[in-house]
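A.B. asks: Sharing a structure below in structure tokens format, with a few things to ask.
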Amino acid sequence: SKVRVCFLGTPDFAVIALRALLSDDHFEVVGVVSQPDRPAGRKMILTPSPVKNLALEKGLPVITPESVNKDFILDQIKAWGAEVAVVVAFGQILSTKFLNIFNFGAVNIHGSLLPLWRGAAPIQRSIEAGDLETGVALQKIVRELDAGDVLGVRKINISQDMNAQELHDQLAKLGAELLHVELMDYVRGNLAGVPQD
């Protein structure tokens, strides 16, 4: 039977992961949460996030709350009956109440080799630091930011001429791989996380 997934994400980086889940027969995305529409462009027109656009295109239930932790929003998410939440560049801190909705909790694709570069903008920070290697990590979400057990990593060398956008695109693809392999292994009970140093 398919694993029922609640997906939370906002920018293009997250779109790649959502597409990966939608193309994988082992998963069923039962609902999507993204940030509210924001003003964009010179005319400051309210614009939906890339993740919301894809969710609507695929006919998925999608909500865009200012805070995902409000009780009435949590009730809505609970009604989707998801077994696990997949969080990719969502942009809000998740409450314990949220995490407790799902049998398998929530996992996050983070754009660095944790515990390196926890927090925001890990890709840019890695380039600024002159790292020769970086990658993505799939981690279980806990209350402390980016501190959960790591379920899997994918590594990549940073070449001298690589810019942040190129690195971003490659890491997004590697993150999607973690969903196909490690997330599935975790949900099946074949994979335990490794605590961060």
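The values are calculated or read from the model by the stated rules, or taken from the named source; none is laboratory data. It should be emphasised that the depicted structure is a prediction, and the values quoted were computed from it without experimental measurement. Cβ coordinates were reconstructed from backbone atoms using ideal geometry, including for glycine residues, and neighbour counts include every protein chain displayed. Surface accessibility is based on the protein's heavy atoms, side chains included, excluding ligands, DNA and RNA. Shrake-Rupley method; radii C 1.70, N 1.55, O 1.52, S 1.80 Å.
A.B. asks: Set Lys and Arg Cβ to +1 and Asp and Glu Cβ to -1, take the dipole of the chain about its Cα centre, and tell me which of LEU116, ALA137, VAL5 lies farthest positive.
C.D. replies: Farthest towards the positive pole: VAL5.
A.B. asks: Could you compute how much accessible surface GLU144 exposes when probed at 1.4 Å, giving the result in Å² to the nearest 10?
C.D. replies: About 120 Å², rounded to the nearest 10.
A.B. asks: May I pose another question? For labels at ASP197 and ASP25 in the simple 7 Å Cα→Cβ model, what's the distance in nm?
C.D. replies: 4.2
A.B. asks: Once ligands and nucleic acids are excluded and a 1.4 Å probe is used, how much of SER23 is accessible, expressed in Å² to the nearest 10?
C.D. replies: 80
A.B. asks: In addition: Probe of 1.4 angstrom, ligands and nucleic acids ignored: what's the accessible area per residue over the chain, in square angstrom?
C.D. replies: I get 50 Å² per residue for the chain.
A.B. asks: Additional query: Roughly what % antiparallel, to the nearest 5, for the DSSP beta bridges in the chain?
C.D. replies: Around 45 percent antiparallel, to the nearest 5.
A.B. asks: Please compute the modelled spin-label separation between GLN160 and LEU56, points set 7 Å along Cα→Cβ, answer in nm with one decimal.
C.D. replies: The two pseudo-label positions are separated by 4.6 nm.
A.B. asks: Right, next: Say each of THR47 and ASN190 gets a label point 7 Å from the Cα, pointing the same way as Cα to Cβ; how far apart are those two points in nm?
C.D. replies: Calculated label separation equals 4.2 nm.
A.B. asks: Hey, another quick one. Taking 30 Å as R0, compute the FRET efficiency from the Cβ-Cβ separation of ILE73 and SER1 and round it to 0.05.
C.D. replies: Efficiency, rounded to the nearest 0.05: 0.65.
A.B. asks: If you put +1 on each Lys and Arg Cβ and -1 on each Asp and Glu Cβ, how big is the dipole of the chain around its Cα centre, in Debye rounded to 20?
C.D. replies: Charge dipole of the chain: 540 debye, to the nearest 20.
A.B. asks: Within the chain, how many Lys pairs that are eight or more residues apart, or on different chains, come under 16 Å at the alpha-carbon?
C.D. replies: Qualifying lysine pairs in the chain: 5.
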